[in-house]
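Notes for the one structure printed next.
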Amino acid sequence: MSRPPVYRPSMRGWWQRHPAYRRYLLREGSSALLAAYALWLLAGLVSLAAGEAAYERWRELHGNPWVFGVHLAALLAALYHAVTWFRLLPLTLPALRWGGRRITDRTLVRGAWLTYVALSVGVWLYLLGGVR
Amino acid sequence: MSEPAKITLEVQRYHPEQDSGPRWQRYTVPYTAEMSVLEGLQYIKDHLDGSLTFRWSCRMAICGSCGCMIDGEPELACHVFLRDYAPGPVRVAALDHFPIQRDLVIDHSDFLEKLETVHSYLIPAEERTPADGTHRQTPQAMADYYDYAQCINCLLCYAACPQYGWHPDFAGPAALALLQRYNLDDRDGGHRLRERVIDAEQGVWGCTLVGYCSEVCPKGVDPARAINQNKAGSAARYLLGWWRPGRRRGEDRE
């Protein structure tokens, strides 16, 4: 006797099924804006190589309210992406121990943020020194 | 005596001999504060509709049989209470992403086949005989994998994983968490064997860290961590494979 047919559910509208899926799409989607910003910077580099006039044109584009809006969105996306990235960081690491005790996720995330802030301040100071 | 409180359950029905797809059926069930959703389903079967089909066994979140979608969340029906959904209607459906055989009963043979491929058993690092006695380890060594050993194969994590829904060939959260349980055991020597499962496209790289699997696990297993702990090692093996001649793409394995 053949087995009765099974019903195979579809994935249509899967992201509407739970907020966790929408948070995931938002997290992954924020990287698209980051990629767009990287391309924008690349365009700046290319125009710099093309000469002063091209570079000035690229700089002038920043005055456009649309370009400003996209930059603001990219900044927010970068911040959101950083927060989620650091939050997920402990999941990618093996269990780490310090003096026989396991380092908690919270300590790891705080350590990562501290390193990030320290490096950012370092780059900032370096750039300030360069301007002077 | 006052009338007992009542709750409406909207249960997904599918009888392949008569239905072309799932349909919803409503039942009104009297409940008390200590009644689980599973007990609600049992009330329906015993008093209202004997044709309702669902799996259950232990009634205490140990056997992993009664997993279903309750108001869209993967849950063990014995692990949630009717009072928290009152007055309803609360929707009870078969676990997401699995073929449905009948009503709330899914076909989990795909998972069982995957479980066979991950070598989720101890492969002793040194050869031993029963005469060697108990194969002991320290509590600290056990702590490394203890959480992953709590998996009861209830498949809530598969119902939570959209990647499994899209790509049923993905090994999936529970199978990979059980793999990691044995990989982290300091008595085990089966790493090389399991690397093949980890490094495959259907292995850890099938996971995009949605992370919902770890949220729904009723035993606190954290499969998302088990999977993603392996990505750095897997990437390193891939890169080293390109570097070292003769080691490319696992050519030296067995």
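The values are calculated or read from the model by the stated rules, or taken from the named source; none is laboratory data. This structure is a prediction, so every number in the text was calculated from the model and none was measured. Using ideal geometry, Cβ is built from the backbone for each residue, glycine included, and neighbour counts are taken over all protein chains shown. Side chains included, ligands, DNA and RNA excluded: accessible areas come from the protein's heavy atoms. Shrake-Rupley method; radii C 1.70, N 1.55, O 1.52, S 1.80 Å.
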Neighbours by Cβ (under 8 Å, 6+ apart or cross-chain): first from the range A:55-71, farther than 21 Å from A:A32 by Cβ; second part of a helix (DSSP H, G or I) and of a type in the set (S, T, N, Q): A:Y55/A:S47; A:R57/A:S47; A:W58/A:S47
A:L25, sole failed condition from (1) open to solvent by 60 Å² or more (accessible area, probe 1.4 Å); (2) farther than 30 Å from A:V67 by Cα: (2)
Filter result for B:E39 (surrounded by fewer than 18 Cβ atoms within 10 Å (Cβ to Cβ) and not in a strand (DSSP E or B)): no
The range B:212-232 residues that are within 8 Å of chain A (Cβ to nearest Cβ), paired with ones that are crowded, with 24+ Cβ neighbours inside 10 Å and β-branched (V, I, T) (beta carbon under 6 Å, 6 or more apart): B:K231/B:V204
The range A:39-53 residues that are open to solvent by less than 60 Å² (accessible area, probe 1.4 Å), paired with ones that are among the hydrophobic types (A, V, I, L, M, F, W, C) (beta carbon under 6 Å, 6 or more apart): A:G44/A:W58; A:S47/A:A54; A:S47/A:W58
Some residue of the range B:144-154 being more than 23 Å from B:H79 (Cα to Cα) and within 12 Å of chain A (Cβ to nearest Cβ): yes
Filtered residue count, the range A:1-21, keeping only those that are open to solvent by 60 Å² or more (accessible area, probe 1.4 Å), in a helix (DSSP H, G or I) and either over 25 Å from B:G211 (Cβ atoms) or at the interface with chain B (Cβ under 9 Å from one of its Cβ atoms) (or both): 1
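Quick grid of which residues meet (1) in a loop (DSSP other than H, G, I, E, B); (2) surrounded by 23 or more Cβ atoms within 10 Å (Cβ to Cβ):
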position: B:C63; (1), (2): yes, no
position: B:Q101; (1), (2): no, no
position: B:E126; (1), (2): yes, no
position: B:C157; (1), (2): no, yes
position: B:Q163; (1), (2): no, no
Residues (under 20 Å from B:L48 (Cα atoms) and of a type in the set (G, A, S)) located in the range B:1-26: B:A5
Residue, farthest from B:E10 (Cα to Cα), within the range B:99-119, restricted to residues that are in contact with a Leu (Cβ under 7 Å, 6 or more places away or on another chain) and within 11 Å of chain A (Cβ to nearest Cβ): B:I106
Filter pass, A:L25 being within 12 Å of chain B (Cβ to nearest Cβ) and in contact with a Lys or Arg (Cβ under 9 Å, 6 or more places away or on another chain): no
